[in-house]
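Here the structure is laid out as structure tokens; the discussion comes afterwards.
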Ligand code: BES
Ligand code: ZN
Ligand code: ZN
């Protein structure tokens, strides 16, 4: 997709689609007014008929301009309240425009109202790329009618180099988000732990990063018994994946580890899930997919900190060797885990990855995991749960999430709940009571990070959507890539 800026007259620009924005209650002014005047008031008439008043996410489309202006169609988009206008507003505008018209248009132009100070053009471009996303690999007739090729932003304010920078940032982040979506959307018979490791190694090659992949023998040899246990009910061998991004030039001052849960299918194991809850469990590697998306972005944006990408990947199945409730497992850091429920497998495989990260002596650890249904019950399907042992880190992550337009909400690590995961036979057990399930899961993870500042992001809700929403396609969303990249770029 090509992006360029232009100071052409909005009425003359030749494009399949011209997108103009309107703030709530603003009536017709600026671009909307010039276009409406040139079209003899039809845009206004149509808006009145459809009771369009500029609300965020609302829109009116004029499918022909009868050659009265250069553009073939006009999309009038609501931008919501003027006071709430941020880069996220234009990101959403970009998503909507692309989603609505990607099959009908190869060129789009956006009015100057979408361009603000730093970060707006980049967010708009991100939106257009994200909104054009489709996963059609397995559709026999997968030819979309057309594809958006050229995007013009009608502005005269930006220096060319600044514009290019913002577009490069947008491409790096959103193309990696789409990669994470692809990995999640692949069916589980294809996206096995080995294939996930292949994807990781391809990303490493392309981005000139170090990549270590441990097979079952190596995982055993290293003492990662959590991964061994969870994978033992499956014929598919597990993989532990370790990518390292090294910044160019000077020795970095800071090292971060991003850790992903990579369960490529979660049947629940012997504590098997009912059929309705098992469907969609191919998405249980969305944390791992986000980690790969993040690493790919870093190799393109070249920030100045070192980042380790760590993934524990296996299937959770019910085969003859399957691990059992009552089993006791000794994790990589030596702590013992009593298995209460084999469906709480994510925290078990993460115990090895987190203690491996702590062992690397990193400055911070951030994990992304589709960890608990409880988090979805608490926060709904659009918001991730944020927990951890270091408030400064959590505050910075929340800020990054807000600016990336991804919703996160901190849950309290209430000391009174800690007793819930005390075990009679081992150091801890893998499940507490029903209450506060997302929090006790985080408390379990905390046992494996030592003193390292650590944040846990439970993405069970927002990583995957079963119905198309305004801003996300059905299936994998790539949640987490934008936030963590923005967090890293601000460090
Ligand atoms: N992968 C699931 C969590 C999940 C549920 C993710 C729904 C996305 C959508 C996880 O492994 C799991 O099964 N958790 C159990 C834990 C329980 C046994 C304590 C859950 O949430 O029910
Ligand atoms: Zn599970
Ligand atoms: Zn799971």
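The values are calculated or read from the model by the stated rules, or taken from the named source; none is laboratory data. Keep in mind it's a predicted model, so treat the numbers as computed, not measured. Cβ placement follows ideal geometry from the backbone for every residue including glycine, while neighbour counts extend to all protein chains displayed.
Points to keep in mind about this one:
- Residue within the stretch 295-316 that is touching a residue at least 40 places away in the same chain (Cβ under 8 Å), touching a helix residue (DSSP H, G or I) at 6+ places or on another chain (Cβ under 8 Å), assigned to a strand (DSSP E or B) and surrounded by fewer than 18 Cβ atoms within 10 Å (Cβ to Cβ) present: no
- Condition met for residue 277 (farther than 13 Å from residue 229 by Cβ, surrounded by fewer than 18 Cβ atoms within 10 Å (Cβ to Cβ), within 16 Å of ligand 2 (Cβ to nearest atom) and at pLDDT 95 or above): yes
- Residues located in the stretch 337-348, provided they are more than 9 Å from ligand 3 (Cβ to nearest atom), in a loop (DSSP other than H, G, I, E, B) and surrounded by 24 or more Cβ atoms within 10 Å (Cβ to Cβ): 339, 342
- Qualifying residue in the stretch 63-84 (condition: part of a helix (DSSP H, G or I), in contact with a strand residue (DSSP E or B) (Cβ under 9 Å, 6 or more places away or on another chain) and modelled with pLDDT of 95 or more): no
- Listed conditions (1) within 15 Å of ligand 2 (Cβ to nearest atom); (2) out of contact with any strand residue (DSSP E or B) (no Cβ under 7 Å at 6 or more places or on another chain) are all met by residue 248, apart from (1).
- With respect to the conditions (1) at pLDDT below 95; (2) not in a loop (DSSP other than H, G, I, E, B), residue 145 falls short on a single one, namely (2).
- Sole residue being crowded, with 19+ Cβ neighbours inside 10 Å and in contact (Cβ under 8 Å) with a residue 40 or more places away in the chain, chosen from 432, 450, 405: 405
- Scanning the stretch 262-274 for residues that are more than 8 Å from ligand 1 (Cβ to nearest atom) and either surrounded by 15 or more Cβ atoms within 10 Å (Cβ to Cβ) or at positive phi (or both) gives 262, 264, 265, 267, 269, 270, 272.
- Top-ranked residue in the stretch 349-380 [being assigned to a loop (DSSP other than H, G, I, E, B) and within 16 Å of ligand 3 (Cβ to nearest atom); ranked as surrounded by the fewest Cβ atoms within 10 Å (Cβ to Cβ)]: 372
- Condition broken by residue 253, with the remaining ones in (1) in contact with a helix residue (DSSP H, G or I) (Cβ under 7 Å, 6 or more places away or on another chain); (2) over 19 Å from residue 367 (Cα atoms); (3) more than 15 Å from ligand 3 (Cβ to nearest atom) satisfied: (1)
- Total residues in the stretch 317-329 satisfying the condition of being out of contact with any helix residue (DSSP H, G or I) (no Cβ under 7 Å at 6 or more places or on another chain) and assigned to a strand (DSSP E or B): the figure is 1.
- Set 378, 373: member being within 16 Å of ligand 1 (Cβ to nearest atom) and within 19 Å of residue 478 (Cα to Cα): 373
- Qualifying residue in the stretch 153-162 (condition: surrounded by 14 or more Cβ atoms within 10 Å (Cβ to Cβ) and at pLDDT 95 or above): yes
- Within the stretch 433-489, the set of residues being within 16 Å of ligand 2 (Cβ to nearest atom), assigned to a loop (DSSP other than H, G, I, E, B) and modelled with pLDDT of 95 or more comprises 459, 460, 461, 463.
- Selection status of residue 348, farther than 22 Å from residue 262 by Cβ, in contact with a helix residue (DSSP H, G or I) (Cβ under 6 Å, 6 or more places away or on another chain) and within 11 Å of ligand 1 (Cβ to nearest atom): no
- Some residue of the stretch 283-293 being crowded, with 18+ Cβ neighbours inside 10 Å, more than 30 Å from residue 338 (Cα to Cα) and away from ligand 1 (no atom under 11 Å from the Cβ): yes
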